[in-house]
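Throughout, read-outs are computed from the coordinates displayed, never taken from laboratory work. None of the values given here were measured: they were computed from a predicted structure. Here the Cβ positions follow ideal geometry from the backbone for every residue, glycine too, while neighbour counts run over all protein chains shown.
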Ligand code: WTA
């Protein structure tokens, strides 16, 4: 296989100027980590972070898998991202170039971002919010959103950002789980020329019950949505902060202090609150921004992710700012006013590093192929020097297009594999070092000990597919699942590997010759739709919560050309199986119901109705058969254990 691989070596001029130049430099870093693991991370933590109290201990494994990093050191993340840059003379440097949905551009310098952050931090303090309290953030892409996160970090409050596309029910569940004291939101968000409500959804969430912990709702004014303000509870952010000082003493916290909780889907139950630390997280956010993105003083960096996802946390709010970079924050969507928006913005702002998701690339390819005006060739993209991809596997065809048409054949592409739980890049090329192979995320980041093993944790030879694990703890790893340490252990450090290896939840294979990793997809019941993680059980619960209609539901994924995977639901109703227009109407009703329970991103693309689901004699749903049906494949598997084989024909019909 290796012979057929197309390999792209790093361009010589790129490598020469890169933070990590050449494979020998990469290997030397790996070697350093191998020889003295703690020494390696300790050295980098001193180089990249300014500590209030220096740490004396790097790693504490006494309570494994609850690892502690730099535990006796104290620091403040917002100090590291803002004040420190100003002290280094970057006060007037642009930190954020904000482009609104409608195209208005606002530039915010480091000094201005610090002032804003401090005012919000003082506002939060004036409401009695302090170290250890949780604060929800439910806001669209905005300078206020980034500043709100930084403000929480400044006073030691743990933030939990909920993506603006999640429903009131999802928001309510997260509020209840975190026990947050306050929510920061906006009256609305603007996307694709439309104002969509945010504050109204917060009101609805709070009305669903279980949110008694919430004392204050802070509302940023973005549009002209008319909102009722509940006296004593709701405050306009402007009213709260106007007149407050633009300086604010940071709360120096221990390295292990929880910087944030971010909810993500697992294979069972409700989304879990992934808890991240302060010191270890910041180290990896800064280090990966430096080495993977090769960020330099004069770069304009653009990560298109939303701050509601981990990618937006690490590569918008924290990593680039920790290094004193200039970055784009974009409010809108890639297809408004047309599908050339990304290319136009790269041209207008002279973006040099661009990081996006394969789904976005695939949908923009379709648009570009249909219309030259939105093709990258119609724009001047010569400012670009590096491209990145994240969230799902990038298929080689999309990779080649991205490389040729966006990167002009000259920009390396870093295909970065990582997860909400890992805090930052885990397997990724370093652009000045690693020869690239489309479709492979190549090799582990220096110091990260990923391996492919069998079910009991034995190493597999290269060329054999297996389970992706990490053999050693790393600084930015998940610390626990908020409020559920047992679930943390069971999910990530299962007994199958004697509790010693971190289980990523993905399958992987290493190339026989190069050892390069290719991720083969989730090995659990987690789907990846447009780079968004969705648990099949979550969607099933949402469907059956439509109690007047649904008796039973099973959800599986099927491959989709644009979104990577698509959600396919098999549903048994409490009434006779519908067909034709009636089936369409009920399917729509169920889609809307899922949208309300979780959010529009969880709406199944296909819904099929049956009198029953394929089950074994002991009543277990045979999901592998459903996966084949969803793909439209003929059933070739063994169906001898199936109780009701006739059901397969019925479910095979698309209604
Ligand atoms: C998938 C997003 C292949 C994978 C940062 C992982 C990828 C899940 C890649 C995490 C990649 C992410 N190649 N698959 N480069 N990046 N994934 O938590 O299945 O939203 O487990 O974090 O996305 O998704 P999450």
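Can you tell me the length gained on complete extension of the stretch residue 544 to residue 486, counting 0.36 nm per residue apart and subtracting the Cα distance?
18.2 nm
For a Förster distance of 51 Å, can you work out the FRET efficiency between the beta-carbons of residue 34 and residue 641, rounded to the nearest 0.05?
0.60
With a cut-off of 20 Å, note down the residues of the stretch 591-621 whose backbone N falls inside the zone around a label point 7 Å from the Cα of residue 631 toward its beta carbon.
605-608, 614-615, 621
Using alpha-carbon positions, what is the distance between the centroids of the stretch 144-172 and the stretch 548-584, in Å?
For the stretch 144-172 versus the stretch 548-584, the Cα centre distance is 33 Å.
So what is the 222 nm mean residue ellipticity for the chain from helices alone, if each DSSP H run of at least 4 adds -39500 (n - 2.57) and you divide by all residues, rounding to the nearest 500 deg cm²/dmol?
-8000 deg cm²/dmol
So if I take the centroid of the Cα atoms in the stretch 343-403 and the same for the stretch 227-283, what is the distance between those two points in Å?
Cα centroid to Cα centroid, the span is 33 Å.
Taking the Cα atoms of the stretch 3-110, what is the range of coordinates along each of the three principal axes, in descending order and whole Å?
On the principal axes, the stretch 3-110 reaches 51, 50, 28 Å in Cα extent.
Under the classification rounded if a/c is under 1.5, otherwise prolate if a/b is larger than b/c and oblate if not, where does the stretch 400-548 fall, given a ≥ b ≥ c as square roots of the Cα gyration tensor eigenvalues?
Verdict is oblate for the stretch 400-548.
Would you mind computing, in nm to one decimal, how far apart the modelled labels at residue 252 and residue 498 are, each placed 7 Å from Cα along Cα→Cβ?
4.1 nm
Please arrange 482, 302 by counting, for each residue, the other beta carbons lying within 10 Å of its beta carbon, fewest first.
Neighbour counts put them in this order, fewest first: 482, 302.
Between rounded, prolate and oblate, where does the stretch 251-397 land on the alpha carbon gyration tensor, with a ≥ b ≥ c its root eigenvalues, rounded for a/c under 1.5, else prolate if a/b exceeds b/c?
The shape class here is oblate.
Could you check the simple spin-label distance between residue 464 and residue 588, using points 7 Å along Cα→Cβ, in nm with one decimal?
With each label point 7 Å from Cα toward Cβ, the separation is 5.4 nm.
Provide the percentage of antiparallel DSSP beta bridges, counting only those with both residues in the stretch 44-176; round to the nearest 5.
In the stretch 44-176, approximately 65 percent of DSSP beta bridges are antiparallel ones.
As a test of understanding, state the convex hull volume per residue of the stretch 304-345 from its alpha carbons, in Å³.
Taking only Cα atoms, the stretch 304-345 has a hull volume of 66 Å³ per residue.
Could you pull the Rg and Dmax for the chain, using just the Cα atoms, both in Å?
Spelled out, the Cα radius of gyration and Dmax of the chain are 24.4, 74 Å.
Quote to one decimal, in nm, the extra length available between residue 236 and residue 455 on full extension: 0.36 nm per residue of separation minus the C-alpha distance between them.
73.5 nm
I'd like the FRET efficiency for residue 616 and residue 410, computed as 1/(1 + (r/R0)^6) with the beta carbon distance as r and R0 of 56 Å, rounded to 0.05.
Given R0 = 56 Å and the Cβ-Cβ separation, E is 0.50.
Using 0.36 nm times the number of residues separating residue 520 and residue 296, minus their current alpha carbon distance, what extension gain do you get?
77.3 nm
Give the share of C-alpha pairs in each 5 angstrom bin for the stretch 586-655, from 0 to the last occupied bin, in whole percents, shortest bins first.
So the P(r) values, bin by bin, are 3, 16, 23, 20, 17, 12, 7, 1.
If you take all C-alpha pairs in the stretch 322-367, what percent of them are over 17 Å apart?
Cα-Cα pairs of the stretch 322-367 separated by over 17 Å account for 36 percent.
Is the shape of the stretch 486-632 best called rounded, prolate or oblate, per the rule: a/c under 1.5 gives rounded, else a/b larger than b/c gives prolate, else oblate, with a ≥ b ≥ c the square roots of the Cα gyration tensor eigenvalues?
Verdict is prolate for the stretch 486-632.
Using a cut-off of under 16 Å, list every residue of the stretch 549-573 whose amide N is near the label point 7 Å from the Cα of residue 397 along the Cα-to-beta-carbon line.
559-565
Residue 226 label point, 7 Å along Cα→Cβ, cut-off 17 Å on backbone N: hits in the stretch 197-216?
197-201
Given R₀ = 45 Å, FRET efficiency for residue 52-residue 350 by Cβ-Cβ distance, to 0.05?
Given R0 = 45 Å and the Cβ-Cβ separation, E is 0.75.
Compute the separation of the alpha-carbon centres of the stretch 20-89 and the stretch 473-505 and state it in Å as a whole number.
22 Å
Before anything else, pin down the relative contact order of the chain: Cα pairs under 8 Å, at least 6 apart, normalised by residue count, whole percent.
The normalised contact order for the chain reaches 13 percent.
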